[in-house]
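**Q** This is the structure I have questions about; it appears just below.
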Amino acid sequence: MSTNRYGIGGSLVRRKRDYVVTAECRVRIGFHARDAEDAEDQFNDYLADLQGAHPEVVLDIQDIREDDALF
């Protein structure tokens with residue numbers, strides 16, 4: 001026996017129900033490109049490949065800038 005909102009007793013609903021989970025993810029990917037437009041094109045190719053395998057993934061470009069990393 002368990003307690004539910006109607007008092008003590010068995011479970012009222014024993015079947016599984018559908019749920020939808022929405023999550024947010026940040027991705028940082030580096031591309032070797034001539035300019036920002038070339039980097040965006042490479043990202044779009046990467047995204048097309050990714051969504052081909054995982055169509056539920058949605059990515060929006062937030063920023064494109066040259067990497068300042070020192071080697």
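**Q** Given the Cα-Cα distance of Leu59 and Ile29 and 0.36 nm per residue of separation, how much length would full extension add, in nm? The partial results should precede the final answer.
**A** On the way: separation 30, 0.36 × 30 = 10.80 nm, distance 1.19 nm.
Gain on extension, Leu59 to Ile29, equals 9.6 nm.
**Q** Ok, one more. Within 15 Å, Cβ to Cβ, of Glu66, how many net charges do the neighbouring residues add up to if Lys/Arg are +1 and Asp/Glu are -1? Walk me through the numbers before you get to the answer.
**A** Values: positive: Arg28, Arg34, Arg65; negative: Asp35, Glu37, Asp38, Glu40, Asp63, Asp67, Asp68.
With Lys, Arg at +1 and Asp, Glu at -1, the net is -4.
**Q** Which whole-Hz couplings ³J(HN,Hα) result when phi for each residue of the range 43-58 is put into the Karplus expression 6.51 cos²θ - 1.76 cosθ + 1.60, θ = phi - 60°, listed in order with x for Gly and Pro?
**A** 5, 4, 5, 4, 5, 4, 5, 5, 6, x, 8, 9, x, 7, 7, 10
**Q** While we're looking at this one, here's another question. Counting Lys +1, Arg +1, Asp -1, Glu -1, what net charge surrounds Asp35 among other residues with beta carbon under 12 Å of its beta carbon? Show your work: numbers first, answer last.
**A** Numbers: positive: Arg34, Arg65; negative: Glu37, Asp38, Glu40, Asp41, Glu66.
Net of charged neighbours comes to -3.
**Q** Largest first and in whole Å, what are the equivalent-ellipsoid semi-axes of the range 17-63 based on the Cα gyration tensor, each being the root of 5 times an eigenvalue?
**A** Square roots of five times the eigenvalues give 27, 12, 7 Å.
**Q** How do the peptides 54-63, 15-24 rank, highest first, by the average count of neighbouring beta carbon atoms within 10 Å per residue? Numbers along the way, then the final one.
**A** Numbers: 54-63: 8.8, 15-24: 4.7.
Averaged packing, sorted descending, gives the order 54-63, 15-24.
Rule-based calculations on the coordinates, nothing more; no lab input. No experiment lies behind these values; they were computed from the predicted model shown. Using ideal geometry, Cβ is built from the backbone for each residue, glycine included, and neighbour counts are taken over all protein chains shown.
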